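These notes are about the structure you will find just below.
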Amino acid sequence: MEKLQELNVYRGKETNHAMRLAICSRSGDVVEPLIQPQWYIKCDGLADKVLGHVAQGDMVIHPAHHKNELNRWLNNIQDWCISRQLWWGHRIPAYNIQLADSQSQEGRF
């Protein structure tokens, strides 16, 4: 406070503050902040594979002018936080591949 007064920007002390409560629009409950652990999917390995296949011509991008955008995006890839999507009920990128000549391989790319 002393420094603010020295700079002539102190405007007094007010202790009568109205508190703002976050209220859920669905249930009407008070929303309390709660720190949750975050889960991430490491994406750089997959991005490198895609970039390699595109560079070798194994994967073709249509229309071709989107290739620069794909390269820009994959060269700046970040890990994907899936815990936020779990919290809001979005599906996570887990799936089950059914191969005709072998057993299912869950979660495999």
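Read-outs throughout are calculated quantities, based only on the coordinates presented, and are distinct from any laboratory measurement. Computed from a predicted model, the values in this text were never measured in an experiment.
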Inset, instruction - Grab the alpha carbons of the stretch 1-89, take their convex hull, and tell me the volume per residue in Å³. - result: 277 Å³
Legend entry - Set of lysines near Lys42 by C-alpha distance (under 19 Å), chain-local residues within fewer than 8 positions excluded: none
Inset, instruction - Would you list which lysines come within 25 Å of Lys13, measuring only between C-alpha atoms, while excluding same-chain residues fewer than 8 positions from it? - result: Lys3
